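Since the structure comes first, as structure tokens, the remarks are kept for the end.
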Amino acid sequence: MILGLGKPQLKLTENALKVLASRYLLKDEDGKVLEKPLEMFKRVSSFIIKAEENYKLTKEQQEELEKAFLTVMVNLEFLPNSPTFTGAGTPLGQLAACFVLPVGDSMEEIFSAIKYTALIHKSGGGTGFSFSRLRPAKSQVKSTQGLASGPLSFMTVFDAATNTVKQGGTRRGANMGILRIDHPDIMEFISAKTDSDKLNNFNISVAITDKFMAALDQSGEYELINPSNNQAAGKLKAKEVWEKIVNQVWKNGDPGVIFIDKINHFNPTPHIGLIESTNPCVSGEMLVPTERGLEKIEKVYDNYLKGGINKGILVDNRTIAGGGVELKAVAKVYNNGKKPVMKLITKAGYELIATYDHRVLTERGWIKMSDLMVDDIVFLQSGEGKFNHSFSLPIKIVKKTLPRFWSKELGQVLGLLVGDGWLRTGDRNCRIGFTFSQDEKKLLNKFKKIINQWYGFEIKPVLRDNNIFHLSYHAQWFVDFFRQLGVKPVKTKEKIVPATIFTAPKEAIIGFLQGLFTADGTVNFVKGHSAYVRLTAKSLILLKEVQLLLLNLGIKSKIYPRHRPARKTFNYLTKNGQKKNYLADGICYELEISKQSVLIFLEKISFIDDKHQAKIKMFKKKSFYRDPFEDQIASLEKWGEKIVYDLTEITTHSYLAGGILVHNCGEQPLLPYESCNLGSINLAKFITDGKIDWDRLSAVTKVAVRFLDDVIDMNRYPLKEIEKMTQANRKIGLGVMGWADMLIQLGIAYNSQEAIDLAEKLMKFIKDDADATSIELAKEKGVFPNFEGSIYDTPESQGMRNATRTTIAPTGTLSIIASCSSGIEPIFAVAYTRKSHLGKKGDEWVELVEVNPYFKKIAKDRGFYAKELMEKIAQAGSLHDFAEIPDDVKRVFVTAHDIAPEWHVRMQAAFQKYIDNAVSKTINFPHLASKDDVAKAYLLSYELGCKGITIYRDGSRDVQVLTTGKSHQKVEVPTTPFYKKERPMAMKGTTYKVKTSYGDLYVTINDDEAGNPFEVFATIGKAGGFFSAKSEAICRLVSLALRAGIPPEEVIKQIKGIRGPMPSWSEGGMILSLPDAIAQILERHLSQRQPALGLAYHQVPQMTKQTITQPVAPVNANQVNNNHNGNGLNIKRDIADYGDAPECPECGNILEISEGCLKCQVCGFSKCG
């Protein structure tokens, strides 16, 4: 059928028109089609072009671009993913194919993900999850004191939700579930789909790490990690786990494998989040600014476990452009166990202790600790943080006279005590004391009154020989009050900031700093020269903690060592009249506040009362240099091992630790809340006169990239989080389809080095043009918002509009519309039989032979075309055995099962070299392939740099057989001859109806004169169909058994419980297969009260190593009707060999495994959506 567009023209096959009508063309409420295919393409192009209204194109340029959008689609040169056709210009408005959702380790996070999944499936999208963050089954749940269910338990909930929602959506929902190889539940996950009735809405994959592969190579063990605390949870032998994966894949194709470290290596936005990253983290004592002030990250973790993080942590917006600080919610906090760490010290004295792989923001971008260099510039907190609003003291009050609430005065007293006071413990010498000089009498009188009021007695100061006043208190309860607030009974060089000050209200913190600076601070002002405030202390720890308190108030400072020679400073008389000399060791440090920060200090904090006021007044007349919140690294060194922690903040993906801007943990499933915006170029359309039209391919690539970029702006996202993340990274995935068709037109065999070389050349060409177009779009429209800190953020970068540009995605229905081969897969068959409706009412079936159009043309051009030959080819599935077909034609027209698995892997790897994301492809194996063959394919894919691999062995489905539990007993051979009852002319019976996954099944049971079942008939689908034949065969054998006198209960035991590939629910419960349905109906017919039969299951006996590894004899080129091709692969297959690929439930045609999914090449049905 041809619909005009002048030149070019829209040419669609009958199959394409059927797919468009059933899936893509708009319909009214009654299901009547409202638009023609050309109108659909116009609807899409006219909707997507609206994105350009927000940019710089003129109206004429927009019209020209819209025409280009329409032309590439009408020519079938480029097609976007299916949701773009169903959503563009409609109220649905959802244009993306699949979405990634995070699954956190709490009930709230898990069921939020399930809710989001339902919303996405309702909108027509698919979903991907990593369940690696869920704690393993039977581990402790602190909040309930119960045991965790584990990832697999919750996956069944996701599966059930998908099963419910998908039935009413515009597109079937599908899920991808991933679990890391080092998760404690990995063995159970690997075998999760052993039973075909479980997780039917999931494809599952194991995320394999380089560490695991190294352990496998050395036949060693590897560690399992409990994700709830990142502690080691045991070890497994890598070889045993590997063999389990291979065995399971050999059985039924699941699980797939992704090489997570290879994926992570090419992550374009590592500053936003690593893909299943390696748990970078900081030491537990690092102070982090939160909603309550400064807290150690180990305390933040404890609060998180108790649900005590509300508004979250302070972040610095310089990570996402702009500046300033604000509170952001914390998604999760992790205890990552004990790990080797490094210590970073800046020239101003700020410190960071973190793991080697933790990233720090520098002028060079996000850099790992291990890759930092001295003099690198790091970024400091650039604004005032937040403070606790609770004024209640966090301690137990034992005397009514003591203060119960924070105040500036209490803070000042603590500052004076830490600065020039002391605290001692012990039964006899328990006291706290304050010292004041002669010129601080006013200060003494003020605080004597305050402290005496708390003490409840009038204590008078004592003047010592050195003219210093001592104000001393000796009650145990009074000492304990200050000790509970965090004052330590330590020597001067070991003094610290009282622990409670870090989370005290702002007034109390200011009071503390006032007291401390009043006790030990100085002001220096030299007109025309220096102007600063200094705090002197013997304790370096004290100054570093004060430095962070100041920074949280927006004040930058610098610490200097001011060591002097040891000397005697003063002497005094003890209480007993003994003379003592005070000796100084010369160790001393100074914290200096200068430049603009000194003005902020004097404005916000300053000193108590009038001290230094004369000098302070002069500061206000002076101008100061700006002091940017950044600093250079002074030193980096190994710092042993520490218990380390990390957190996830999903907006800036960063936080502040020790005042320094660091990256948060990237341990999220892929990147959370991202969506796939995909499209494919039809390579079959770019062959002219036997050569690739590179110029046209380049032009279409540029149009396609711009189209996909515009889709991001026009998409109506199902969740705000998805919209934000997708627009921040602007990832697109331009791929290809029709690769096998291109090779056929060029006369190149798929399984040849020439094809591999061309794959690399072609994909590099498309990638280079896609990259260049994205760079031009960045100049025109701006870089993607998360560009800063990405792998493209380099001095020589010209910018990039899209974080990724290329992906090879499944193209099942798109390839039917475009009438081309799927993705980069080889052709599945040269010819096949398709069923079609005929007759006036369309109620008759006829089988038609569909022949690959390129093969048909060559056959006619070279004179070997014959209808009978095409029918034979459709039955055989391969050209190998047909002597009448020239060898050069056989070489080019190879099918998926003609090609050795190694060539499949090499082809995937060739494309992967120039793909930003991943490649969707199935590695096909014949039924007789061994487990060793599967293992070799996995290892080859890892060695060649594939990011993942999907394997399907033809007919790989375990049949679970029923037994009565007496199968090992000796069976007596009957001595009487076989006897079968004759059937009377007329019988009475009952007909039952039951719903199955394949359609409605009608079962008729006729009874003999005694009321016992005599014969069984079943009808499903149309006569001659696969399931009709299957049900007829079952019923004939059941009837034969009944007429031979075998009790019906024994018949039921033999066929009840047999599992098929598509179980379903009926009114009576789960229907596992057609034989299971017939057995259940027969059982119901006998008696509604019949007790359970107690059937036991056992596995089919496995093939021996000898039977599955026996080499196939070489094929004689002159031999006809051989069951093998030149690669030694079995190509003569019965219909039962297809295992998971029975008839299409929508049109009755045979399904095929392509691009990792079960698909119908006739009507477009796809089990994956």
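Values quoted throughout were computed directly from the atomic coordinates according to the rules given, and no laboratory measurement underlies them. Bear in mind that the values here come from a model prediction, so they are computed numbers and not experimental data. Positions of Cβ are backbone-derived with ideal geometry, glycine not excepted, and every protein chain shown enters the neighbour counts.
Observations on the structure shown:
- Fraction of beta bridges assigned by DSSP in the stretch 98-265 that are antiparallel (%, nearest 5): 30 percent
- Each label point was placed 7 Å from the Cα along the Cα-to-Cβ direction; for Lys993 and Arg364 their separation is 7.4 nm.
- The peptide list 941-952, 359-370, put in order of mean Cβ contacts within 10 Å with the highest first, becomes 941-952, 359-370.
- The length gained by stretching the chain between Thr688 and Ile459 to full extension, at 0.36 nm per residue less their Cα-Cα distance, is 72.1 nm.
- Within-10-Å neighbourhood charge of Phe925 [Cβ basis; K, R +1; D, E -1]: -1
- For the listed peptides 292-304, 505-517, a ranking on the average number of other beta carbons within 10 Å per residue, highest first, reads 505-517, 292-304.
- For the stretch 98-265, averaging the sequence separation of C-alpha pairs within contact (under 8 Å, six or more residues apart) and dividing by the residue count gives a relative contact order of 20 percent.
- Cβ-based exposure ranking for Phe911, Phe619, in which fewest neighbours within 10 Å come first: Phe619, Phe911
- Counting charges near Lys872 (Lys, Arg +1; Asp, Glu -1) among other residues having Cβ under 12 Å from its Cβ returns a value of -3.
- DSSP beta bridges in the stretch 45-194 [antiparallel fraction, %, rounded to 5]: 20 percent
- Each peptide in 148-161, 983-996, 798-811 gets a packing score, the mean of other Cβ atoms within 10 Å over its residues, and the list from highest to lowest is 798-811, 148-161, 983-996.
- Taking other residues whose beta carbon is less than 14 angstrom from the beta carbon of Val889, and scoring Lys, Arg as +1 and Asp, Glu as -1, yields 0.
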